[in-house]
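Here the structure is laid out as C-alpha cells; the discussion comes afterwards.
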Amino acid sequence: MSTTVTLRLEDAVKDKLEKLAESTHRSRSFLAAEAIKAYVDSNEWQINEIHAAIQEADAGDFASQDDVNEIVNKWRAK
C-alpha cells in the first residue's frame, strides 16, 4: 500500500532530481520515495540506539573509567 505526499523542493534540487530520474530511467516519485525511505530508516535506527543507550546508562550498564583507560592505553601502544 502507498499514499501520495506533496512536498516543496528548491528549484536546484528539483532540477537535480529530474536529471537523476532521466539518467536512471526512474521516475522522480520513485527516487524521492527511495530517498525518504533511506532517511527515515537511518534516523529511526539512530533514535532507537540512542534510547537503548540511555536505558543502559540509567541502569548503570556502561564502561567504567578503568575500562576506558585500558582501551585508550591499548590503542596508544600501537
Report task. Give the range 36-48 a look and list any residue that's surrounded by fewer than 12 Cβ atoms within 10 Å (Cβ to Cβ) and not basic (Lys, Arg), or say none. Result -> 38, 39, 40, 41, 42, 43, 44, 45, 46, 47, 48
Query raised in the report: Pick from 29, 23: which is loosely packed, with under 10 Cβ neighbours inside 10 Å, closer than 20 Å to residue 11 by Cα and of a type in the set (S, T, N, Q)?
Result: 23
Query raised in the report: For residue 62, which of the numbered conditions (1) of a type outside the set (Ser, Thr, Tyr); (2) in a helix (DSSP H, G or I); (3) more than 23 Å from the chain's Cα centre (by Cα) fails to hold?
Result: (2)
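For residues that are surrounded by 10 or more Cβ atoms within 10 Å (Cβ to Cβ), more than 15 Å from residue 36 (Cα to Cα) and out of contact with any helix residue (DSSP H, G or I) (no Cβ under 7 Å at 6 or more places or on another chain), tally how many sit in the range 5-18. It would help to see each step written out before you state the result.
Looking only at the range 5-18, we keep the residues that are surrounded by 10 or more Cβ atoms within 10 Å (Cβ to Cβ), and these are 9, 13-18.
Filter once more, keeping what is more than 15 Å from residue 36 (Cα to Cα): 15-16, 18.
So of that shortlist, the ones also out of contact with any helix residue (DSSP H, G or I) (no Cβ under 7 Å at 6 or more places or on another chain) come out as 15-16.
The number of residues fulfilling the criteria is 2.
Every number in this text was worked out from the coordinates using simple rules, so none of it is lab data. Small disclaimer: the values here were computed from a predicted structure and weren't measured. Cβ coordinates were reconstructed from backbone atoms using ideal geometry, including for glycine residues, and neighbour counts include every protein chain displayed.
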